[in-house]
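Accompanying notes for the structure given below.
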Amino acid sequence: MPPGGGGPMKDCEYSQISTHSSSPMESPHKKKKIAARRKWEVFPGRNKFFCNGRIMMARQTGVFYLTLILILVTSGLFFAFDCPYLAVKITPAIPVVGGILFFFVMGTLLRTSFSDPGVLPRATPDEAADLERQIDIANGTGSGGYRPPPRTKEVIINGQTVKLKYCFTCKIFRPPRASHCSLCDNCVERFDHHCPWVGNCVGKRNYRFFYMFILSLSFLTVFIFAFVITHVILRSQQTGFLNALKDSPASVLEAVVCFFSVWSIVGLSGFHTYLISSNQTTNEDIKGSWSNKRGKENYNPYSYGNIFTNCCVALCGPISPSLIDRRGYIQPDTPQPAAPSNGIAAYGATQSQSDMNISNIPRSNPIPSGSRSRYSSPSAPADQSPAFCLYGVASSEHFT
């Protein structure tokens, strides 16, 4: 081997190692993989997400777990201690019917708790600034100084005047029947109420499942209570009342839980049955939005005037797609939602009203068509676009 032959070899090896470790083609690729995040990870509302954003709940879920425990424990005791005796003495159909009711209750509860209730996306800074600029142009306001957006707008839906309120947190004009939940910090479309028992808001996208949950839970509670009493009566005829209680102490616990809960559950089911039949929400009923006390001309513009039609629309109508792509990836150039206004801007806002006739909007209250928003789901129809929240009230052309 010639002298000094090892030197070039070492240089070659060093050069290969150095080139591999500092390749300009790999480091940006690795950075992109590390920086890739999903939208639910930076979601501005006060929500908790599980299963990579597939499950969406409120942060306060303690009462929800209490609901699960009460249903599971009561039903478990019934199937373990009462059903074997009742299946022999009466009919094997009792545990079968009880099992069907139990699984239906659990399915509707989890569907209500784990789904998007109809959260409206917040405006980006550019969208919020564009909305204020359009309002200034519509009202003829000069651009000499800052003018906060107005508190309300007025639209006419099926002959009834409806106010649209501006949300200073989400920087949008909320569509009809929407409201901002203070617990979840989100504007929810067709907001009904925030239910701690299911650990989520109840709105446009999960109301039918909430109603089916409380209705089926009413049947399950009455079913268990009735057959627990039947079990105790049959045993007491054989061994006496006190001995029957000693032989099946679980029946006593089940009867107590069912007795104290059945009244509120059945009452809640009846109340929401009334709301569905009249096409109202809990929020509207509590506020008395369509009460006759406000005047003879005050009526519910969303009602079809027929109980059967109202129920079919609420329970059998299509479910609108989610407007928040919570499992989508954040693009580097995607603008983030605007920050909430401070207290001075909120309380210093002036009220401005503009009348727009949208009497041809269906009573099921879809968002009027307009330019599609970046938040819209790829499968969302044009009339479900949240662009109405940002720009629709600034110009009547969106309602034609």
Members of region 218-247 that are surrounded by fewer than 19 Cβ atoms within 10 Å (Cβ to Cβ), at pLDDT below 95 and small (Gly, Ala, Ser): SER236, GLY240
Candidate set: region 106-119, residues that are free of Cβ contacts under 8 Å to residues at least 40 places away in the same chain and open to solvent by less than 50 Å² (accessible area, probe 1.4 Å); chosen: the one farthest from ILE172 (Cα to Cα): MET106
Among the listed residues LEU253, LEU242, which satisfies the condition of being over 12 Å from the mean Cα position of the chain (by Cα) and in contact (Cβ under 8 Å) with a residue 40 or more places away in the chain? LEU253
Here the qualifying pairs (Cβ atoms under 9 Å; residues six or more apart or on different chains; first in region 75-97 and part of a helix (DSSP H, G or I); second small (Gly, Ala, Ser) and surrounded by fewer than 12 Cβ atoms within 10 Å (Cβ to Cβ)) come out as ALA87/ALA93
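Check every one of the helices (runs of 4 or more DSSP H) wholly within region 195-314 and list those with 2 or more residues that are out of contact with any His (no Cβ under 6 Å at 6 or more places or on another chain) and over 30 Å from VAL88 (Cα atoms).
Output list reads 207-239, 249-278, 282-287.
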Within region 74-105, can you find the residues that are farther than 21 Å from ALA244 by Cα and either in contact with an Asp or Glu (Cβ under 6 Å, 6 or more places away or on another chain) or open to solvent by 70 Å² or more (accessible area, probe 1.4 Å) (or both)? PRO92, VAL96, ILE100, PHE103, PHE104
Residue hits (region 55-65; in contact (Cβ under 8 Å) with a residue 60 or more places away in the chain and among the aliphatic types (A, V, I, L, M)) are MET56, MET57, ALA58, VAL63
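This table checks each residue for (1) open to solvent by 40 Å² or more (accessible area, probe 1.4 Å); (2) over 27 Å from ILE55 (Cα atoms); (3) of a type outside the set (Lys, Arg); (4) without any contact (Cβ under 8 Å) to a residue 12 or more places away in the chain.
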| position | (1), (2), (3), (4) |
| --- | --- |
| THR281 | no, no, yes, no |
| ASP285 | yes, yes, yes, yes |
| TYR304 | yes, yes, yes, no |
| ILE324 | no, no, yes, no |
| ARG327 | yes, no, no, no |
Yes or no: region 279-294 includes at least one residue that is touching a strand residue (DSSP E or B) at 6+ places or on another chain (Cβ under 7 Å) and more than 17 Å from GLN160 (Cα to Cα). yes
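The values are calculated or read from the model by the stated rules, or taken from the named source; none is laboratory data. Treat the numbers as computed from the prediction; the structure is a model and nothing was measured. Using ideal geometry, Cβ is built from the backbone for each residue, glycine included, and neighbour counts are taken over all protein chains shown. Each accessible area value is taken on the protein alone, full model and side chains, heavy atoms only, with ligands, DNA and RNA left out. Shrake-Rupley method; radii C 1.70, N 1.55, O 1.52, S 1.80 Å.
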